[in-house]
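Undergrad: Here you go, one structure.
The values are calculated or read from the model by the stated rules, or taken from the named source; none is laboratory data. Given the structure is predicted, the values throughout are model-derived calculations rather than measurements. Cβ placement follows ideal geometry from the backbone for every residue including glycine, while neighbour counts extend to all protein chains displayed.
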Amino acid sequence: MSDAAGEQAPWQWDEGTWRGHVGKVRAGRSLLPAGPDRWPDGARAAVALSFDSDHETPSLRDGDTSPGKMAQGEFGRRVGVPRILELLERWETPASFYIPAVCALLDPEEAPRYVARGHEVAVHGWIHERNTLLSFDQELDLLSRAVEVLRSQTGITPSGIRTPSWDFSDSTLDVIVQLGFRYDSSLMADDDPYELLDRGRPTGIVEIPVEWIRDDAPVLMMERFQSLRPYMPPRQLGQIWKDEFDAAYADGGVFQLTMHPHIIGHRSRLVVLDDLLRHIRSHKDVWMTTHADLAAHVAPGLAARPLPSSDPLD
């Protein structure tokens, strides 16, 4: 039956309606390079590590400004980030850091610190907002301002975006195209990079897909007054990540991983990341790369598109 507003229930939709929803944002051609020499320097597989430096913003977004929540986020910036940067330097591993603009404004030295260490800085929203609750104009405004904050702090225009919580609205792709991003890393239609389609049309946007099983948050998060509890020992999660890498290596594909400084940055959890990097580095033919460099490699023609040089709302 229809709801009180007179709208049809999904099971009442005609074929054009449900096809329209499914086809709005879709996976296009695979961008996995062909042939045995698909990765630089004869590497067999590519590894792209990433960190979402959310810190206080998920709580701020929800209006939870309690000192406890702010302290939990502060741990990520104060303790987690330095530990992660030291570990990456020790293993000579570049990474991509996705940072909400509010986090960058709270500590204007954080984003430049990533760049100085040879890492990528990319967009992760304004205040870790939920895009599916926003209009096109609201998304465009927030992301435009986020780009400008990171550009002003680092001197580099971010080429990539990861939507907060991987929340991709009906408007998000339109905003990404308008702002000139070269790649997105928020969707899950493959293990390896592909081109995004908008209603069946190629967009020129590279998608570097994510997955919840390659993310620390679903397994290790804790909410004091809710039922959310860590359900897996860190070392067990580390074995899943090793298995994911081993399979990507066997396929000659991409191993992509998403982590958060306030989650993975604790001592007993960084042991797992250290062990994972030791396992990966035991393979001599692996390309350790940022998401931006991965996008440029799999789609050099698309990556040659110029990025906007000024605020697109100006």
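Undergrad: Only one of Val123, Val177, Val147 is in contact with a strand residue (DSSP E or B) (Cβ under 8 Å, 6 or more places away or on another chain) and surrounded by fewer than 18 Cβ atoms within 10 Å (Cβ to Cβ). Can you tell me which?
TA: Val177
Undergrad: Looking at region 244-276 only, could you name the residues that are among the small types (Gly, Ala, Ser) and over 21 Å from Asp191 (Cα atoms)?
TA: Gly265, Ser268
Undergrad: Let me ask something else about it. Taking region 127-156 only, how many residues are touching a helix residue (DSSP H, G or I) at 6+ places or on another chain (Cβ under 7 Å) and more than 19 Å from Asp170 (Cβ to Cβ)?
TA: Residues meeting the conditions: 10.
Undergrad: Scan region 277-293 and report the pairs whose first residue is outside any helix (DSSP H, G or I) and whose second residue is among the small types (Gly, Ala, Ser) and at pLDDT 95 or above, with Cβ atoms within less than 6 Å and a gap of 6+ or a chain change.
TA: Asp285/Ala43; Val286/Ala43; Val286/Ala45; Trp287/Ala43; Trp287/Ala46; Thr289/Ala46; Thr289/Ala48; Thr290/Ser96
Undergrad: Looking at Leu49, Leu60, Leu32 in this structure, which one is touching a residue at least 12 places away in the same chain (Cβ under 8 Å), assigned to a loop (DSSP other than H, G, I, E, B) and surrounded by 12 or more Cβ atoms within 10 Å (Cβ to Cβ)?
TA: On inspection, the qualifying residue turns out to be Leu32.
Undergrad: Same structure, new question: Just for region 132-173: of the residues that are outside any helix (DSSP H, G or I) and of a type in the set (Val, Ile, Thr), which one is farthest from Tyr194 (Cα to Cα)?
TA: Residue satisfying both the conditions and the ranking: Ile156.
Undergrad: Sticking with this structure for a sec: For region 174-216, give me each residue that is out of contact with any Asp or Glu (no Cβ under 8 Å at 6 or more places or on another chain) and not in a loop (DSSP other than H, G, I, E, B).
TA: Result: Gln178, Leu179, Leu197, Arg201, Trp212, Asp215.
Undergrad: Moving on. Within region 220-252, how many residues turn out to be closer than 19 Å to Lys69 by Cα and either without any contact (Cβ under 8 Å) to a residue 24 or more places away in the chain or surrounded by fewer than 19 Cβ atoms within 10 Å (Cβ to Cβ) (or both)?
TA: Within region 220-252, residues that are closer than 19 Å to Lys69 by Cα and either without any contact (Cβ under 8 Å) to a residue 24 or more places away in the chain or surrounded by fewer than 19 Cβ atoms within 10 Å (Cβ to Cβ) (or both) number 10.
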